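Here is the structure we will look at, set down as structure tokens.
The values are calculated or read from the model by the stated rules, or taken from the named source; none is laboratory data. In this text, all values refer to a predicted model and were calculated from it rather than measured experimentally. We place every Cβ from the backbone using ideal geometry, glycine too, and count neighbours over all the protein chains shown. Note: areas computed on protein heavy atoms with side chains; ligands, DNA, RNA excluded. Shrake-Rupley method; radii C 1.70, N 1.55, O 1.52, S 1.80 Å.
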Amino acid sequence: MNSATRRQFLQAERAAAAALLARLSPAHFIERISLQSRLESIDQELQELGASQADSVEPASTTVYFDGGPVVGQRAIDATFAASAIAQFQGLVELVGASRRHGALGRGGAVPGGRDFRLHITDIARGSFGFHFEQLEGNESADEMRAAVGEATELIEGLRAEEEEFYERIAELEPRVRTALNEFVQVLSKSEATLRMESGTRKLKLTKDEVHTASTRLSEGAPSVNDVPRRVKYLGVLGESRRFELQDLETGVVYKGKLAPGLDANMVAEVALVLMETCTAMLRITTVERPGREPKVTYQLLWLRPERLGDQAP
């Protein structure tokens, strides 16, 4: 039982004990002494919980609800499915946290600092069948943990995106994070499960059709990623959406996509407009092969420089 749940339980018990004490006559002195002792004990524990809460940082937490094939009303959930889904969700959070902390991760092996992003199941959630995950370790990593859980939640929410945005999001992911997301979705899809999540004020839901669509898109194969320089003409960039347009001076092709994380949209616009000259762009071109359809190609702008600087990285 986490501290918030324990506090609610104690408050309810105190109200019941106080009401009973008020109804007892002085003649029931033994019962009154027992109740007064219990009230003092409850007040002491509530005071300790309050002090602990004031001194601590609110731990990272999220609640994940499952429904559909593996769930029997609010009574039960298939054990094999639950074990697999929990493990894959935990793996996703660990990889997201490690990626945020260290950047690029190795292709395999232990996740660097993975134990720092370990969650614990502290309660069963009703309303279909779900699990409440919470961080139990020290407060020093609470901010990092909340960020990791938040980003993992955003990735799962992004599975509902339209096709163009979906592939752009996937192209930006660290490869091991993408693999973990895929494995989590495949567990849901194979069991025809649906998903609902509550993380702080954020709530999301994936229907059976949305899970199936995401599964199909993610299983189309690992993307091919190449960073290539191109001589381009600047056409524009939108600050809020971070979308850009560049025209290839040799082929006339117009590249449309998103700026890389950390690349300032205003800076890109200022460089291009002030210089008013041909630029060299370093584009990350991600290609996903799709059986029976044209490959899906997305573009990400890594940097933009005057042509006289060539393809030197910033």
> What's the Cα-based Rg to Rh of region 126-174, Rh via Kirkwood?
Replying inline: 1.11
> For region 5-100, what class follows from the C-alpha gyration tensor (a ≥ b ≥ c being the square roots of its eigenvalues): rounded when a/c is under 1.5, otherwise prolate if a/b is larger than b/c, else oblate?
Replying inline: oblate
> When each pair of different Cα atoms in region 70-141 is counted once in the 1/r mean, what is the Kirkwood radius in angstroms, to one decimal?
Replying inline: 13.9 Å
> Taking only Cα atoms, what is the 0 to 90° angle, nearest 10, from helix 79-102's long axis to the longest principal axis of the chain?
Replying inline: 60 degrees
> Does region 94-179 come out rounded, prolate or oblate by the C-alpha gyration tensor, with a ≥ b ≥ c the root eigenvalues, rounded set by a/c under 1.5 and, if not, prolate when a/b is larger than b/c and oblate if not?
Replying inline: oblate
> Using mean Cβ contacts within 10 Å as the protection proxy, how do 39-50, 282-293, 152-163 order, highest first?
Replying inline: 152-163, 282-293, 39-50
> Relative to the first principal axis of the alpha-carbon coordinates of the chain, what is the inclination of helix 3-23, with its axis defined by its Cα atoms, in degrees from 0 to 90 and to the nearest 10?
Replying inline: 20 degrees
>> Keeping every protein chain present and rolling a 1.4 Å probe, give me the accessible area per residue for the chain in Å².
In response: 55 Å²
> For region 106-206, which whole percent of the accessible surface, found with a 1.4 angstrom probe, sits on carbon and sulfur atoms?
Replying inline: 45 percent
> So how strong a dipole does region 148-239 carry about its Cα centre when Lys and Arg Cβ are +1 and Asp and Glu Cβ are -1, to the nearest 20 debye?
Replying inline: 100 debye
> Roughly how many debye, to the nearest 20, is the charge dipole of the chain about its Cα centre, given +1 on each Lys and Arg Cβ, -1 on each Asp and Glu Cβ, and no other charges?
Replying inline: 460 debye
> In degrees between 0 and 90, to the nearest 10, how far off the longest principal axis of the chain does helix 142-157 point, with axes built from Cα atoms?
Replying inline: 60 degrees
> For region 129-223, what ratio Rg/Rh do Cα atoms give with a Kirkwood hydrodynamic radius?
Replying inline: 0.98
